Amino acid sequence: MSYRTEDIAYVQPAEPAASTPTAQQRSTAEYRALDAAHHIHPFSDMGALNRSGSRVIVKAHGVYLWDSEGSKIIDGMAGLWCVNVGYGRKELADAAYRQMQELPYYNTFFKTTHPPVIELSALLAELAPEPFNHFFYCNSGSEGNDTVLRIVHRYWATLGKHSKKVVISRKNGYHGSTIAGGTLGGMEYMHEQMPSKVENIVHIDQPYFFGEAKSDQTPEEFALARAQQLETKILEIGAQNVAAFIGEPFQGAGGVIFPASTYWPEIERICRKYDILLVADEVIGGFGRTGEWFAHQHFGFEPDLITMAKGLTSGYVPMGAVGLNDRVAKAIVENGEFNHGLTYSGHPVAAAVAVANLKLLRDEKIVQRVKTDTGPYFQKKLRDTFAHHPIVVEIAGAGLVAGLQLAEEPASRKRFANGGDVGGVCRDFCFNGNLIMRASGDRMLLSPPLVITRQEIDELVSKAKKAIDATAQQLGIS
Ligand code: PXG
C-alpha cells in the first residue's frame with residue numbers, strides 16, 4: 001500500500017502545563033517510607049529496594065513520565081511494553097468513564113453478554129488475520145496463557161485424542177508468572193522458586209544466535225537447527241502425546257531475541273506435520289509493535305491460538321484475551337460446556353477501553369506509521385548510532401522494538417564475564433539520565449510507545465547512547 005506521512009491524521013496531544021495538578025499529595029520521602037513499610041514489589045529484592053528507595057512516578061503524557069521530584073523522563077519501554085497509544089489519551093479515559101456510569105460490571109457467564117464485549121470481539125475479528133474470529137477474555141497475559149492451556153486440552157479432548165497432553169515451550173521464553181505461565185516460561189530463576197510446576201510442560205532451546213550459536217553457523221543455519229529441536233523433542237515424546245508448541249514470535253523479556261527468517265516457517269512445518277497446535281504468545285508483539293498488527297505476521301507464520309494482553313488496552317486497564325482460529329473455535333463451540341472463566345472475563349470497562357484503544361491504533365494509522373515511518377527510522381537511527389560502538393556488538397529488532405547486545409570485544413564477539421552486572425550498570429546510567437531502558441542480562445531493550453515522533457526517537461537514541469558510553473567508560477573501554 002502506498003503511504004505518505006502527510007496522509008496521517010495523527011496529532012500529538014498537547015503536553016499539560018507544568019502547573020497541571022497531579023494526584024501527588026505527599027513528599028517523596030513520605031511516599032518512600034510508606035512504600036517500604038507496606039508494599040511488596042514484583043520481581044524485586046525488597047530489602048535492597050527499601051534501603052535505596054523507589055522512584056515515585058506521579059504523572060505521564062505522550063512518551064514522557066514525571067517523578068515526584070519533578071524530573072521528566074522519556075519512557076523507552078512504554079511502561080512494561082504496553083502503553084502503545086502513549087500516555088494521557090482522553091479518549092480512553094472517556095470510554096472508561098462512560099462505561100462505568102452506564103454498566104460498570106456485569107458478567108458473561110449464565111447466558112448474558114453486554115455491548116462492550118460484543119463490540120470488542122467484532123473489532124478484534126476485523127483486525128486479526130482472517131482465521132481468527134473468536135476471542136476468550138481474561139485480565140492479563142499470564143491468565144491468557146493459563147487459558148491457552150485450558151483450550152488446548154479441551155480441543156484435543158473433543159477430538160478424542162486424550163493422550164495429547166504435553167506442551168513444548170522454550171528456555172528463556174517468558175509466558176507470565178502464574179504457576180502455569182511460570183512453568184511455560186523458561187526462566188531458570190523463576191523455576192527455582194517454584195517447587196510445584198504444571199505437569200506435561202517441557203522446554204527446548206531458544207533461537208539466541210549471539211549467545212548460543214557455534215562459530216561456524218550462519219544465523220539462518222542456527223535458527224533452522226534450533227527449530228528442528230522441536231521435531232527431535234516431538235519424536236522423543238511421541239507425536240500422539242504432544243498437544244501444542246508455544247512461543248513468543250520474538251522473545252521480549254528474554255532480551256528482544258529475533259530469530260532468523262528460517263525459524264518460524266520450520267516450526268510451523270513441524271507443527272503441521274505432527275498435528276500439534278501452534279500458539280503465538282503475542283502479549284508483547286501484538287497491536288503494532290513490529291509494524292504489523294501481530295508479530296507472527298511480521299515473521300510470516302499462521303498460529304492456531306494467539307495470547308494477547310498489554311497493547312490490547314495500551315495498559316490503561318488490565319485485560320488479556322486469547323484468539324482462537326476457526327478450527328479450534330469450532331471444536332470449543334460445538335462440543336458442550338467449556339469449564340473455564342473468570343469473574344472479570346470480558347469486563348465491560350476494560351472492553352470499552354480496549355475498543356477505544358484499538359480504534360485509535362487503527363484510525364490514527366498508528367500501526368501503519370510504525371511500519372512505514374517511525375519503525376524504519378528508529379531501526380536505522382539505532383544502527384547508525386551504534387555502528388562502531390566499543391561495547392555494542394549487535395542490534396536486533398523491527399518496528400519499535402530493539403535489543404542491543406553489549407559485549408566486551410565486539411570484534412571477537414567476546415561477552416562480558418559478568419553480563420548481568422553490565423546491564424545493571426547501564427540501566428543505572430539510564431535511570432540517572434532520565435531514560436527508561438530495560439536491561440536483560442547483557443542486552444539493553446527499547447520498546448517505546450508507538451506514538452513516538454521522529455524527534456522523540458532522536459532524543460531516546462541519544463540518551464541511550466550517553467548511557468552506553470558511560471557504561472563503556474566505567475568499564476575502562478573506549
Ligand atoms: N507473555 C509474554 C510474552 C509476556 O511478555 C506475559 C505473557 C504475562 O503477562 P502479564 O500481564 O500476566 O504480566 C508477558 C509479560 C519485563 C516484563 O520485565 C515482561 C512482562 C511482564 C513483566 C515484566 O520485561 N511480560
Original post:
Which ones in the stretch 408-424 are aliphatic (A, V, I, L, M) and surrounded by fewer than 21 Cβ atoms within 10 Å (Cβ to Cβ)?
Top reply: Ala411, Ala417
Subject >> Verdict on Leu277 being open to solvent by less than 10 Å² (accessible area, probe 1.4 Å), more than 16 Å from Thr307 (Cβ to Cβ) and either touching a Cys at 6+ places or on another chain (Cβ under 7 Å) or outside the structural domain of Thr372 (by TED's automatic domain parsing) (or both) >> reply: no
Original post:
Going by the structure shown, is Ser169 within 13 Å of the ligand (Cβ to nearest atom), of a type in the set (Gly, Ala, Ser) and part of a helix (DSSP H, G or I)?
Top reply: no
Original post:
Among the listed residues Gly47, Gly62, Gly79, which satisfies the condition of being small (Gly, Ala, Ser) and over 26 Å from the mean Cα position of the chain (by Cα)?
Top reply: Gly47
Original post:
Got a sec? Which of Gly285, Gly311, Gly315 is open to solvent by 10 Å² or more (accessible area, probe 1.4 Å) and within 15 Å of the ligand (Cβ to nearest atom)?
Top reply: Gly315
Original post:
How many residues are under 17 Å from the mean Cα position of the chain (by Cα), within 23 Å of Pro259 (Cα to Cα) and either open to solvent by 60 Å² or more (accessible area, probe 1.4 Å) or of a type in the set (A, V, I, L, M) (or both) if we restrict to the stretch 175-218?
Top reply: 2
Original post:
Out of all the residues in the stretch 431-478, which are away from the ligand (no atom under 16 Å from the Cβ) and on the phi > 0 side of the Ramachandran plot?
Top reply: Asn434, Gly476
Original post:
Which condition breaks for Gly424 when tested against (1) in a helix (DSSP H, G or I); (2) over 20 Å from Gln251 (Cα atoms)?
Top reply: (2)
**OP:** Output the number of the condition that Gln101 fails; it satisfies all remaining conditions of (1) in contact with a helix residue (DSSP H, G or I) (Cβ under 8 Å, 6 or more places away or on another chain); (2) free of Cβ contacts under 8 Å to residues at least 40 places away in the same chain.
**Re:** (1)
Subject >> Selection count where residues are within 30 Å of Ala93 (Cβ to Cβ) and either touching a Pro at 6+ places or on another chain (Cβ under 8 Å) or in a helix (DSSP H, G or I) (or both), scope the stretch 315-345 >> reply: 0
**OP:** Determine which member of the set Asn133, Asn50, Asn84 is part of a helix (DSSP H, G or I) and of a type in the set (S, T, N, Q).
**Re:** Asn50
Original post:
For Leu235, are the conditions met, namely being touching an Asp or Glu at 6+ places or on another chain (Cβ under 7 Å), farther than 20 Å from Met187 by Cα, hydrophobic (A, V, I, L, M, F, W, C) and away from the ligand (no atom under 16 Å from the Cβ)?
Top reply: no
Subject >> Whichever residue in the stretch 247-274 is surrounded by fewer than 24 Cβ atoms within 10 Å (Cβ to Cβ) and of a type in the set (Asp, Glu) and, among such residues, is farthest from the ligand (Cβ to nearest atom) >> reply: Glu266
Original post:
Just to be sure, is Phe109 away from the ligand (no atom under 16 Å from the Cβ), closer than 18 Å to Ile332 by Cα and surrounded by fewer than 16 Cβ atoms within 10 Å (Cβ to Cβ)?
Top reply: yes
Subject >> All positions within the stretch 346-377 that are out of contact with any Pro (no Cβ under 7 Å at 6 or more places or on another chain), open to solvent by 10 Å² or more (accessible area, probe 1.4 Å) and aliphatic (A, V, I, L, M) >> reply: Ala356, Leu360
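The values are calculated or read from the model by the stated rules, or taken from the named source; none is laboratory data. Predicted model, so just to flag it, every value in this text is computed and none were measured. When we count neighbours, we look across all protein chains shown, and the Cβ atoms used for this are built from the backbone with ideal geometry, even at glycine. Heavy atoms of the whole protein, side chains included, go into the accessibility calculation; ligands, DNA and RNA do not. Shrake-Rupley method; radii C 1.70, N 1.55, O 1.52, S 1.80 Å.
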